[in-house]
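The values are calculated or read from the model by the stated rules, or taken from the named source; none is laboratory data. Everything numeric here is computed off the predicted structure, so don't read it as measured data. Here the Cβ positions follow ideal geometry from the backbone for every residue, glycine too, while neighbour counts run over all protein chains shown. Each accessible area value is taken on the protein alone, full model and side chains, heavy atoms only, with ligands, DNA and RNA left out. Shrake-Rupley method; radii C 1.70, N 1.55, O 1.52, S 1.80 Å.
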Amino acid sequence: MAKGQLHERLSTGATFLGSEDYFQALVPKLIWDNLRPDFGKRTYQAEALGRFKYYLDDYPAKPKNVPIHLLFHMATGSGKTLIMAGLMLFLFSKGYRNFLFFVNSTNIIDKTRDNFLNSISAKYLFNKSVQIASKNIRIKEVNNFSGTSQDDINIVFSTIQGLHTRLTNPRENTITFDDFENQKIVLISDEAHHINATTKKGKDLGQEEIFELTSWEQTVTKIFNANPSNIMLEFTATADLAHPEIVKKYIDKIIFDYPLKEFRNDGYSKEVKVLQADLPDFDRALQAVIMSQYRLKLFSDYGKLIKPVILFKSRTIKESEAFFTEFLERMRKLKSKDLAAIKNHPNIDPLLEKIFSYFDQSGINLRNLALELKEDFSEAKSLLINSEDINAENSILVNTLESDDNLVRAVFAVAKLNEGWDVLNLFDIVRLYDTRDAKAGKPGRTTVSEAQLIGRGARYCPFQISNDQPLFQRKFDIMGSEEEHRLKICEELYYHSSYNPRYIDELHTALEEIGMKASEVRQRKLRLKPHFKETTFFESGLLFLNEQQKYSRSDIQGIPSSFINTVHKYSLETGYTLTTGAFDDTQQIVINRVQRDYQLINFGDSVVRKAINRLQFYQFSNLTGYFPNLDSITQFISDKKYLGELGVEVSGRREDVESLTQHQKLNIAVDVLEKLSTTLQTDKIDYKGSREFKPYLLRDKIIDKTLNYSYDGSESKEAGIGQSETTDSALALDLSNKDWYVFNENYGTSEEKRLVKYIDKVYEKLQERFDQIYLVRNERHFKIFSFDDGRAIEPDFVLFLSEAGSGKTFHYQVFIEPKGDHLLLTDAWKEKFLLALKEEHELEQLWSDKKFIIWGMPFYNFNQKVKEFSEAFQDLLPKDVD
């Protein structure tokens, strides 16, 4: 067997197979078609799904004739249940019908059941209807697998303990071991670390532990091994991969490893802040309430109906109930003087100072603020969750905190929400006790549990201020404008603690261990050089940018003519058979086929309508998104611009081709319509980038920024290190005396530093032709948009060049994008767009004595593309240069 864990071997193999994103392209279309569309298609989710398809269909080292056992080790909040749903759909297409879902907690079972079965739930995972191979598929809960439908996805939901009990003490109409003997099953285990109790014990089993060989893990193993076609898929964010027995068990089973550290680095989580305060519990709680109300106002300022929630965490149920009572009583009596005490405190935190300043500027005085807080944090909007059996109403409330009709702003709990609580709009956790349990310098169980709670609470709350921003990722790690500085708090989770430096050190260690906090955070100040800000170019220079425009599709009057003019072929089955001896010479059978052309409309209106009704894509509400000028399904069937002239060449036996049955006509129509839907979905675009570039004052776009770099050894070592500070002599360059570089430093990657070194090398040659030369590093200062589909690109650099000609000055604006080896294929669309700029951009020349020209360059890559880049750069130089 190849060395390394399975996921590592697959990652290495992807490079040899084509590119790092090889697996993402393998995801079957039926998965994306049948999952809820507004949940997005995240890159790492496509990677997980594509890896499984490759493993199942093509992985050469997959064990033969034994059950398949795989683990998805994925960060809390990364959407593991969406992956489960996608895998169910794919496995259904592979002949699997029965799925056993089990987990440790009843609360998680209830949530998951809702996510899989309740189509009106805000977290329902599937599309409005599920269709595979042109058939409608139902997702059903069943008690056992006896007599289940082969047309449905059948799911048994159970806790691990409940499953063990039901199987070892069988009752009528419940699942038994007999269910697993003669049919293949997919076992799906969430929070899978709970089923490894026996594994962790290894060879050191005592008498009591030997008795537990009939325990949960053994029960699951017995089910799994009942059929060689069974599949077990485990999901967890917290596998104990440091435990030798666990490592041994999973070395060839972890198909995808996406830990919290990567999840956070990729921007899919909130950033975590810890606010210590040497104040009584209620005063710290009130600070959190004020911050929560500030976020509510900020979201409202940008038209976002997002309600921030606070978790008040106590050590015991008794303490939780006591603080719940105190909180409600004191909030009921809240006065402006209580808020003034915080506002005027001599040691007020700068963030709170900024918040009160916002309230002042917004015309919200302390009296009105107190009235707001009393209403928004009243008993009706507060929830105490401590009992073992949460009543149905509270269970719904605590699991639907993001819903528009859920008014809860404050949740009070001890440990009931420590696992399986899925909430995105949690922005503050207030720790209402001051104990430590560290031993020998290591965080104790309580601190680790608190770190894990923070990890769950740090799920990103998706929002966009503009369409070109990512919905599910952080947007304000780089802050320059006042808007960016203000909205940063909407991407942060605050953990409010009493002042206890030793505890905070232990918490930081625990957060680093789970990947929620980088071991080092570098904050860098990016400043424009003073002498550059004094130049005429900065004061009056222009930056030309295009716009992302909504593609209304109003100009589309029918299906693409290329599809209408294509010869669509359908082959009927002939029914010919041939029997030969095993050692006979191979015989060729000649099947006499004939072809005949039909138009779809000639099959009859009822046949075409029935074919349309079989395919979810052709719901009228969906069709009008592609064809806004379409008035009715009748028009879609009969109009020559749509299906009216759509033809198909049918081949088969003469007697069949010349006398098609209604069933054959229906199958042909469905086949052609499926091809059409694939074409339309592949080609559909919602946005375009304008070809016209408009001028903006440079001084309004290129501003000072504060950059935050989280460094834990997983990313480029150069990111966040100044080019004058780097210890790599091949990259080092003192930019302080380079007037052509407008910022004080370059904190970019190694590839970006090499590009700056390249410009430094050719600078003297550029001076022979140009009067002004300025290189600007783009730290999210601006975006441009692909002509084809409106995707945003933030070129890493723009080079400004001015050349005095005969009676006219030529101004070049050259976009340059350094790119690492691993991104050359993935980002090839960006390079295509940049290279199209020179010929396809449009701009209005408003000045008789000036001409503005926009160029884009090939990617700069030191290992593979320097020659190509240099050859393109020659057009800017008076002479050849190395």
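Things worth noting here:
- Low-density loop positions, chymotrypsin sites (Phe, Trp or Tyr not before Pro), segment 285-366 - DSSP coil, at most 16 other Cβ in 10 Å: TYR302
- Segment 304-383: radius of gyration and largest Cα-Cα distance (Dmax), Å: 14.4, 42
- Between ASN169 and ASN592, the contour length at 0.36 nm per residue exceeds the alpha carbon distance by 146.0 nm.
- As computed over segment 689-765, the Cα convex hull volume per residue (Å³): 165 Å³
- Sites GLU353 and ARG654 - FRET efficiency at Förster radius 56 Å, r taken between beta-carbons, to 0.05: 0.05
- Residue among TRP421, ALA340, ALA828 farthest towards the positive dipole end of the chain, charges placed on Cβ: ALA340
- Accessible area expressed per residue, the chain, with surrounding protein chains retained (probe 1.4 Å, Å²): 46 Å²
- Both numbers refer to the Cα atoms of segment 706-863; Rg and Dmax are 16.7, 55 Å.
- Accessible area of segment 712-871 belonging to carbon and sulfur atoms, whole % at 1.4 Å probe: 44 percent
- Surface composition of segment 295-366: carbon and sulfur make up 51 percent of the accessible area, probe 1.4 Å.
- Cβ-derived FRET efficiency at R0 41 Å, ALA828 paired with ARG113, nearest 0.05: 0.45
- One way to sum up the overall shape of segment 784-823 is the equivalent ellipsoid from its Cα gyration tensor, whose semi-axes run 29, 15, 6 Å, largest first.
- Considering only the chain, percent of DSSP beta bridges that pair antiparallel, nearest 5: 40 percent
- Under the simplified labelling scheme, the SER729-THR316 pair shows an inter-label distance of 6.6 nm, with each label point 7 Å from Cα along Cα→Cβ.
- Note on segment 239-337: Cα-only Rg and Dmax are 20.7, 63 Å.
- Here SER336 and SER129 are evaluated by their C-beta separation; at R0 = 56 Å the FRET efficiency comes out at 0.55.
- For segment 19-82, with all protein chains in place and a probe radius of 1.4 Å, 52% of the accessible heavy-atom surface sits on carbon or sulfur.
- Pairwise label distance in nanometres, THR624 with THR566, each label 7 Å out on the Cα-Cβ vector: 2.7 nm
- Square roots of five times the Cα gyration tensor eigenvalues for the chain, Å: 47, 44, 29
- Taking the Cα centre of the chain as origin and assigning +1 to Lys and Arg Cβ atoms and -1 to Asp and Glu Cβ atoms, the resulting dipole is close to 720 debye.
- Using a simple spin-label model with pseudo-atoms 7 Å out from Cα toward Cβ, SER449 and ASN602 lie 7.5 nm apart.
- When the chain is described by a simple charge dipole with +1 on each Lys and Arg Cβ and -1 on each Asp and Glu Cβ, the residue from SER736, TRP855, PHE538 located farthest towards its positive end is PHE538.
- Annotation: Cα Rg of segment 624-770 relative to the compact-globule expectation 2.2 N^0.38 Å equals 2.08.
- The slack in the chain from LYS761 to GLU393, taken as 0.36 nm per residue of separation less the alpha-carbon distance, amounts to 125.6 nm.
- Rg(Cα)/(2.2 N^0.38 Å) for segment 785-882, N = residue count: 1.17
- Here the gap between LYS442 and SER229, fully extended at 0.36 nm per residue and compared with their Cα-Cα distance, gives a gain of 72.2 nm.
- Of the GluC sites (Glu not before Pro) found in segment 780-882, the ones in coil according to DSSP and having at most 13 other Cβ atoms within 10 Å of their Cβ are GLU844.
- Loop-resident sites, segment 4-67, for trypsin sites (Lys or Arg not before Pro), counting at most 14 other Cβ within 10 Å (DSSP): LYS41, LYS64
- The residue among TYR642, HIS811, ALA25 whose Cα reaches farthest toward the positive pole of the charge dipole of the chain, with charges on the beta-carbon of Lys, Arg, Asp and Glu, is TYR642.
- Probe 1.4 Å, all protein chains present, accessible-area order of LEU835, LEU843, largest first: LEU835, LEU843
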